[in-house]
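The values are calculated or read from the model by the stated rules, or taken from the named source; none is laboratory data. The model shown is predicted, which means the values in this text are computed figures rather than measured ones. Please note: Cβ atoms are built from the backbone with ideal geometry, for glycine as well, and neighbour counts cover all protein chains shown. Only protein heavy atoms, including side chains, enter the accessible area calculation; ligands, DNA and RNA are left aside. Shrake-Rupley method; radii C 1.70, N 1.55, O 1.52, S 1.80 Å.
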Amino acid sequence: MHECDPSAKPCRIAASGTAYMRGYDGDFPLSDLEEQAFLAARKPPLFDRQPVTGATREDLDDDLVTAFLRSVRERDPHGLGRFPDDAELLRRAGVTLPDGTPTVAGLLALGVHPQEWFPRFVIQASAEPLPTDPAGSRARNQTTITGAIPRMLEEALRWARRTFDTSVVSAPDGTVRDQPAYPYIAFREIIANALIHRDLDHWSSGMAVEVRLRRDRLIVSNPGGLYGITVDRLGQDAVTSARNARLVAICQHARTPETGARVIEALATGIPIVANALAEAELPPAHYIDAAIRFTVVLRQQTVPVIHPGSNLNETELRVYDALAARTRSVADLKQELDLSAPNIRKALRELRSRGLVEQLGGQGRPTTYRRLSE
């Protein structure tokens, strides 16, 4: 069955009028908030162009604005950069309105403290506790990152440098360097995309960009699904569709305050950069999940499974067996984590069960999960 066009969502059961979302091993009724998200997606998103009531020109960060103006005049001297008056340039760029009121895009990209108006336009980051952490620890390095997009991007990278595990790696030329668990450049691209392409409509105003570092994977998610592109086309061609077109245009010229680095290029290079960085680090490809109202990126560690001697499992069986080492999982969990088809996963699970390596839990009307048996 083909997925229906976004303009027709949410689809409802004729008999009951209820709309459902597929998740894991079941169908779940949409909440009122989720229905709002689908209805909002039927119209072109223009929320980033709206004025921020109560904000003034003084609520823009002078350092970020100065860097923005310099970039526009250097990179686009015969277009937007041809306007000599700063106020006129900011207005024509969509940073402010004619009366000087900042737009949503202008404040998020260049504001002193956008969270005064958008409290949940933040990054919530945390890492899973280590075995050496005190008993009862729920998270480590938990933080809430605020500020304009360029400042949030730099702070997110600082968090990653504090939090990611590092390995000492020897290169063929004899040099020794520290290698993070996940490439910083890939993390930067993922965070930049999450901040710039997150949904800005009213339904998502209470949601944050979330970063969760677990033992075997890194998860980054933001409110709002993909816009104008599907998951299977990510990184395959030069598609630059943007949910927040005005915000993207401003961030092309925004600069991070400490390093002066560009926030984005808007040339559809982000996904290929992530893919190349992961390949160079010998990590599995990123897994992208578009749930229509939330977009998630999962990076995984390269794990080496420990198998019973003489078990002689094939590659798929090895991967499924290894994935069950940390906790019980459903077929849907394994499909999402391993990027394998459900029939192949079920076939592998049958073989593992027949060898006494895995047991099935639940079933007969209850959620079905699988657990690896003790070696």
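Observations on the model:
- The figure for Glu116 is an accessible area of roughly 120 square angstrom, using a 1.4 Å probe on the protein chains alone.
- For segment 43-144, trypsin sites (Lys or Arg not before Pro) meeting the loop criterion (DSSP other than H, G, I, E, B) and having at most 15 other Cβ atoms within 10 Å: Arg120, Arg138.
- Full-extension gain in nm, Arg49 to Arg177, via 0.36 nm per residue minus C-alpha separation: 41.5 nm
- Working from label points 7 Å from Cα in the Cα-to-Cβ sense, the Arg355 to Gln336 distance is 2.7 nm.
- Annotation: extensible slack from Arg120 through Arg73 equals 13.7 nm (criterion: 0.36 nm per residue apart, minus Cα-Cα distance).
- Label-to-label distance, Glu88 versus Ile185, with points set 7 angstrom from Cα along the beta-carbon direction: 4.1 nm.
- Phi angles across segment 140-146 convert, under the Karplus curve 6.51 cos²θ - 1.76 cosθ + 1.60 with θ = phi - 60°, into 3J(HN,Hα) values of 10, 6, 6, 8, 10, 9, 10 Hz, Gly and Pro given as x.
- Residue separation of Arg327 and Arg215 scaled by 0.36 nm, minus their Cα-Cα distance, works out to 39.1 nm of gained length.
- Paramagnetic label reach from Thr368 (point 7 Å along Cα→Cβ; backbone nitrogen cut-off under 16 Å): within segment 319-335, residues 329-335.
- Most positive-pole-ward Cα, Pro98, Ile145, Val112, against dipole of segment 88-163 from beta carbon charges: Ile145
- Close amide H contacts of Tyr370 (hydrogens built in the peptide plane, cut-off under 5 Å, sequence separation of 5 or more or a different chain): Arg329, Ser330, Leu361.
- Approximating the spin labels as points 7 Å out from Cα along Cα→Cβ, the Ser167-to-Thr259 distance works out to 2.3 nm.
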